[in-house]
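Q: Handing you a structure now.
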Amino acid sequence: MSRAQGAVRWGAVLLLALAAGAQAADGVEPNTRVPAGVVRYAPTGFPDRIVASPLQEGAGGFAVSWRTDATVPAPLLEIVVAGDSPDMGLPRRLVASSHAQSTENGQALQHHVVVDGLQADTLYAWRVQGDRTWSAWHHTQTAPASGEPLTLLYFGDTQNKNVSLTTRVVREAMRHAPDARLALYAGDLVSGGNDEDDNEWGEWFEAAGALPTSLVVAPAPGNHEYFEEFEDTPQERRVLGAHWPLAFALPGNGAPGAQGTSYWFDYQDVRVVVLDGTSALDLGTAQAQARWLEQVLGDSRAAWNLALIHQPMFSPRQDRENALLREHVLPVLERHRVDLVLQGHDHVYGRRGGLQAGRATPQYLVSVAGAKQYRLSTQARESMAPVAEDTQLFQVLRIDGQRLRYEARTATGRLYDAFELIRDGQGRQLRELGDGRIPQRDCLRPASPKGRNDRCWE
Ligand SMILES: [Fe+2]
C-alpha cells in the first residue's frame with residue numbers, strides 16, 4: 001500500500017468513526033427506518049398486511065383482513081382443512097368486502113372476510129387473493145370447544161420504532177410460546193394516528209412477521225389510534241384514524257357509542273372483553289361502556305374472563321389519572337371479579353391486585369412491548385409489585401383446566417413476573433411464582449436521549 005493509499009484508507013476510517021460517533025452522541029433513532037422521500041410500504045397487487053382476528057365465537061372460525069392496491073376489488077379468500085399433501089382438496093371460496101383507503105403511500109383497498117361455519121379445534125390452510133396472484137397458504141387453528149389447554153400472548157404498547165425494536169419481542173414471544181393461538185395487544189400499535197402514518201402501519205406488520213397469519217389477533221384501540229381534529233381550537237376533538245378499523249376485521253358487537261372499537265369474544269374457556277379507553281375518557285362513552293361491560297360479563301359462562309383496555313385503572317406513571325375509568329369501569333371489573341385486566345399506555349411495567357383485600361382477582365397489569373419507556377411514580381413503587389422501567393416485555397398466559405399461569409418475560413426472554421390463578425369454586429387463589437425471576441429493573445439514565453427527564457427512552 002502506498003503512503004497516499006494509506007492516507008485515503010485512514011481518512012475513510014476516521015470519517016466512519018466520526019459518523020458513528022455522531023450517531024451515538026445523538027442517540028435518537030427515528031420512529032420508522034424509512035428515510036424521508038423513500039417509499040417502502042406502497043400497496044401493490046401482492047396481498048400484504050394479512051391478519052386473522054377472532055369471531056364472537058372463536059371455535060366457529062375467524063375473520064381476515066388484508067391490503068392490496070386499488071386494482072383488486074372484491075378479491076377471494078380460499079380455505080380448506082390443512083393437509084400434508086400440497087393437494088389439500090377443493091377450497092371453499094369467500095368474496096371479500098373492500099374498503100378504499102387513501103394514504104401517503106398511495107391508494108389502497110383493505111379487504112375483509114368473515115370465515116365462519118368452521119369445525120372447532122381444526123387446523124385450516126387459507127390464502128388471500130391479489131392481482132393475478134395469491135398469498136402463501138397460512139395455517140390457523142380454530143379454538144377447541146372447551147377443556148383443552150390454551151396458550152395466549154399479550155403485548156403492551158408497541159407504538160414506536162416497530163421494525164427496529166418490536167420485531168425481537170414478537171420473535172422471542174413466539175419462540176417461548178410456539179403453541180399460542182391468540183394474541184392480545186393493548187393498543188397504541190403505532191404512534192401516528194392520522195392519515196400520514198402508513199409507514200408506521202407497514203412497520204407494525206413487518207415487525208409482527210408470521211404472528212398475524214398464524215394466530216388470531218385481538219387489539220384494543222389506544223389513544224394513538226386516534227388523532228386530534230381541529231387541534232388547538234375550541235372544536236378540538238378526538239377522531240379515530242382510518243387505519244385501525246380497516247386493518248382488522250373485528251366482531252361488531254361493541255358498546256353503544258363505541259361499536260367499532262369495543263368488542264367481545266369467547267375463545268375456548270376465555271371471554272375477552274375489549275374496551276375503548278380513549279372513547280370513554282375523551283368522547284363521553286365511559287358510562288355506556290360500563291353498562292355494556294356489565295352485561296357482557298354478566299352473560300359470560302366462560303371459566304375465565306379477561307378485560308383488555310389501553311388506559312390503566314391504576315396508572316403507574318406520575319401525574320396520570322384516568323378518573324372516568326375509575327368511576328365507571330373499575331366497579332364493574334371489581335364486581336365481576338374479572339381475572340386479568342390487561343392494560344398499557346404508561347410505558348412501564350406494574351402489577352397490583354384489586355380493591356378488595358384478600359381477593360385474588362382482578363389482577364391489574366400494565367405492560368409495554370415497544371421501545372418507548374417512561375418512569376414509575378412513587379405511588380406505583382409503593383402500591384404495585386413487581387414494577388419495571390426501561391424494559392421491553394411480552395406476556396405468555398397458559399390456561400389448563402383450573403389454572404391460569406401468567407408469565408411476563410423481557411425482550412431477551414428472561415422471566416420478570418409470574419403467578420398462577422387457581423379456580424376454587426366461584427373464587428380464585430393467587431399463587432406467586434417467584435423462582436427464576438430476575439431482579440427489579442429501574443431506569444439508570446438521568447434523561448432520555450432527547451433530554452426529557454420524565455422519560456427513560458424515546
Ligand atoms: Fe397511549
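Q: May I ask you to verify whether D346 is in a loop (DSSP other than H, G, I, E, B), over 23 Å from the mean Cα position of the chain (by Cα) and closer than 25 Å to L444 by Cβ?
A: Judged against the criteria, D346 is not a match.
Q: On to the next question. Say whether the condition of being in contact (Cβ under 8 Å) with a residue 60 or more places away in the chain and closer than 30 Å to N199 by Cα is met by at least one residue in region 291-309.
A: yes
Q: Tell me which of these S315 doesn't satisfy, since it passes every other one: (1) within 16 Å of the ligand (Cβ to nearest atom); (2) open to solvent by less than 10 Å² (accessible area, probe 1.4 Å).
A: (2)
Q: Check V273 against each of (1) outside any helix (DSSP H, G or I); (2) open to solvent by less than 10 Å² (accessible area, probe 1.4 Å); (3) away from the ligand (no atom under 16 Å from the Cβ); (4) within 22 Å of V170 (Cβ to Cβ) and name the one condition it does not meet.
A: Evaluating V273 over (1) outside any helix (DSSP H, G or I); (2) open to solvent by less than 10 Å² (accessible area, probe 1.4 Å); (3) away from the ligand (no atom under 16 Å from the Cβ); (4) within 22 Å of V170 (Cβ to Cβ) leaves (4) as the failure.
Q: Continuing with this model, one more query. Looking for something surrounded by fewer than 22 Cβ atoms within 10 Å (Cβ to Cβ), within 16 Å of the ligand (Cβ to nearest atom) and of a type outside the set (A, V, I, L, M) - is there at least one such residue anywhere in region 283-305?
A: Taking every residue of region 283-305 in turn, none turns out to be surrounded by fewer than 22 Cβ atoms within 10 Å (Cβ to Cβ), within 16 Å of the ligand (Cβ to nearest atom) and of a type outside the set (A, V, I, L, M).
Q: Further question on the same structure: Right, V39: more than 23 Å from A218 (Cα to Cα), touching a residue at least 40 places away in the same chain (Cβ under 8 Å) and in contact with a Lys or Arg (Cβ under 9 Å, 6 or more places away or on another chain) or not?
A: For V39, the condition - more than 23 Å from A218 (Cα to Cα), touching a residue at least 40 places away in the same chain (Cβ under 8 Å) and in contact with a Lys or Arg (Cβ under 9 Å, 6 or more places away or on another chain) - is not met.
Q: When you look at R326, is it within 16 Å of the ligand (Cβ to nearest atom), open to solvent by 10 Å² or more (accessible area, probe 1.4 Å), in contact (Cβ under 8 Å) with a residue 12 or more places away in the chain and not in a strand (DSSP E or B), yes or no?
A: So R326 does not fit the description; no.
Q: Is it true that Q392 is buried (at least 19 other Cβ atoms within 10 Å of the Cβ), among the polar types (S, T, N, Q) and touching a helix residue (DSSP H, G or I) at 6+ places or on another chain (Cβ under 8 Å)?
A: yes
Q: Here's another thing I want to ask about it. Can you tell me how many residues within region 213-245 are within 14 Å of the ligand (Cβ to nearest atom) and either within 19 Å of G156 (Cα to Cα) or within 12 Å of the chain's Cα centre (by Cα) (or both)?
A: 9
Q: Scan region 195-209 and give yes if some residue there is over 16 Å from G344 (Cβ atoms) and in a strand (DSSP E or B), otherwise no.
A: No, there is no match, as no residue in region 195-209 is over 16 Å from G344 (Cβ atoms) and in a strand (DSSP E or B).
The values are calculated or read from the model by the stated rules, or taken from the named source; none is laboratory data. Just so it is clear, the model here is predicted, and its values are computed rather than measured. Glycine also receives a Cβ, built like all others from the backbone with ideal geometry; neighbour counts cover every protein chain displayed. Surface accessibility is based on the protein's heavy atoms, side chains included, excluding ligands, DNA and RNA. Shrake-Rupley method; radii C 1.70, N 1.55, O 1.52, S 1.80 Å.
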